[in-house]
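The values are calculated or read from the model by the stated rules, or taken from the named source; none is laboratory data. As the structure is a computational prediction, the values presented were derived from the model and not from experiment. Neighbour counts are summed over all protein chains in view; Cβ atoms, including those assigned to glycine, are modelled from backbone coordinates with ideal geometry.
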Amino acid sequence: MRVISGTARGVHLRSPSTEETRPITDRAKEALFNILAPVIPDCRFLDLFAGTGGVGIEALSRGAAQATFLEISKPIYADLLRNIGRARVQSGADARNGDAFRFLKEERRLTFDIIFVAPPQWKNMCQQAMDALTQNLHLLAKGGIVITQHDPAETVNADPAALTEYDKRIYGGVQFNFFRRP
């Protein structure tokens, strides 16, 4: 795992110290950020199930103003903090050791331009997160984007009155769905 582009380009990130997470491949991450390139500079980014932080750190490296990371596992959270330090992106990072669903339900102050949702696969958590997001749309700026990462065999939907799906991409065993808040 490495940072692909930006101020931290080439920095190798620590892989997870446990089997609890599945880091995004460099190929899928590069494809994702090529799509997001026009909207990353100065955005507020939420890496909802952050793991070791590869996606949020990439956003900060490419010019995001701020990235909030949510990770529930204490050992993986420790890896996340090490990676933020390695990439030297601490000034824009807000790392939290906590439950993503609780955050979605209780956070009232923050608003994000981009929310990245990549929970553990095959536990229906991606759909649960989308449902929670549509009930708490104040977290997403008007015109903001939600991206889900999941296995192509999994289905993820959103309430079309709240979020409009506008793109879907598959890279091997990874699917990204892109939703926009009108």
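ARG27 satisfies every condition listed in (1) over 21 Å from GLN149 (Cβ atoms); (2) loosely packed, with under 15 Cβ neighbours inside 10 Å; (3) among the basic types (Lys, Arg) except (1). Residues of the stretch 82-117 that are closer than 11 Å to ILE57 by Cβ and among the aliphatic types (A, V, I, L, M): ILE84, ALA87, VAL89, ALA93, ALA95. If the condition is being over 15 Å from ALA118 (Cβ atoms) and buried (at least 16 other Cβ atoms within 10 Å of the Cβ), then the stretch 159-179 contributes ALA162, LEU163.
Residues of the stretch 97-120 that are over 26 Å from GLY173 (Cα atoms) and touching a Lys or Arg at 6+ places or on another chain (Cβ under 8 Å): ASN97, PHE103, LEU110, THR111, PHE112, ASP113. Go through the stretch 96-131 and give me each residue that's touching a residue at least 40 places away in the same chain (Cβ under 8 Å) and more than 20 Å from ILE145 (Cβ to Cβ). Listed by number, the residues that qualify are PRO120, GLN121. Total residues in the stretch 87-100 satisfying the condition of being farther than 18 Å from PRO75 by Cα and crowded, with 17+ Cβ neighbours inside 10 Å: the figure is 4. Considering only the stretch 164-180, state which residues are at pLDDT below 95 and in contact with a helix residue (DSSP H, G or I) (Cβ under 8 Å, 6 or more places away or on another chain). Once the filter is applied, which keeps residues that are at pLDDT below 95 and in contact with a helix residue (DSSP H, G or I) (Cβ under 8 Å, 6 or more places away or on another chain), the stretch 164-180 yields TYR171, GLY172, VAL174.
When the stretch 99-142 is filtered for residues that are in a loop (DSSP other than H, G, I, E, B) and over 15 Å from the mean Cα position of the chain (by Cα), the ones remaining, listed by number, are GLU107, ARG108, ARG109, LEU110, TRP122, LYS123, ASN124, ASN136.
Just one of the numbered conditions (1) in a loop (DSSP other than H, G, I, E, B); (2) in contact with a helix residue (DSSP H, G or I) (Cβ under 9 Å, 6 or more places away or on another chain); (3) more than 16 Å from ARG14 (Cα to Cα) is not true of ALA50: (3).
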